[in-house]
Every structure is written in C-alpha cells, then in structure tokens.
Amino acid sequence: GMRIELPHALAANVPMVANPLKLSATPIEYTAAPPLLGADTHGVLIGLLGLDIDEIERLQAAGVISAR
C-alpha cells in the first residue's frame, strides 16, 4: 500500500509514494497529483512576496521568471 497513482494533467496517471502513516480514525485522502511546473508562481509572487502584476510582467519580460 505504499504505491499509489493519481491523475495528472500531462499523463493519464502519475505513480507516487503514499503517506507511510496509516491512521484508522483519520485516513489520508489523496485529492490531486503534484501541480505543473510554475502553476503556483503567480500566487507565490503576489501572496507571499507582495509583488503586483506590473512587477511580475516586468520580471517576465526581463527573463527572470517564465510566463505560464
């Protein structure tokens, strides 16, 4: 029970390692495979770093970050 497969946007299923903790009262629920590369970049730059859209666009134009 340590190997699971989850649906992914770029493949039918992605093999993954399951959580080694097996709790009977609160079983682990697997809801999604890992996100695609860069899928959370804007959220991190805005939410955690406080950048605005203009600054993100400037960084993309300069090649510092890639556009998604």
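The values are calculated or read from the model by the stated rules, or taken from the named source; none is laboratory data. Since we're looking at a predicted model, the values are computed, not measured. When we count neighbours, we look across all protein chains shown, and the Cβ atoms used for this are built from the backbone with ideal geometry, even at glycine. These accessible areas exclude ligands, DNA and RNA; they are computed on the full protein's heavy atoms, side chains included. Shrake-Rupley method; radii C 1.70, N 1.55, O 1.52, S 1.80 Å.
Checking the conditions here, which among 50, 43 is out of contact with any strand residue (DSSP E or B) (no Cβ under 6 Å at 6 or more places or on another chain), on the phi > 0 side of the Ramachandran plot and not acidic (Asp, Glu)?
50
If I filter region 40-61 down to residues being hydrophobic (A, V, I, L, M, F, W, C) and part of a helix (DSSP H, G or I), which single residue comes out as surrounded by the fewest Cβ atoms within 10 Å (Cβ to Cβ)?
48
Among what's in region 6-22 and is open to solvent by 90 Å² or more (accessible area, probe 1.4 Å) and over 26 Å from residue 66 (Cα atoms), pick the residue that is modelled with the lowest pLDDT.
Here the answer is 22.
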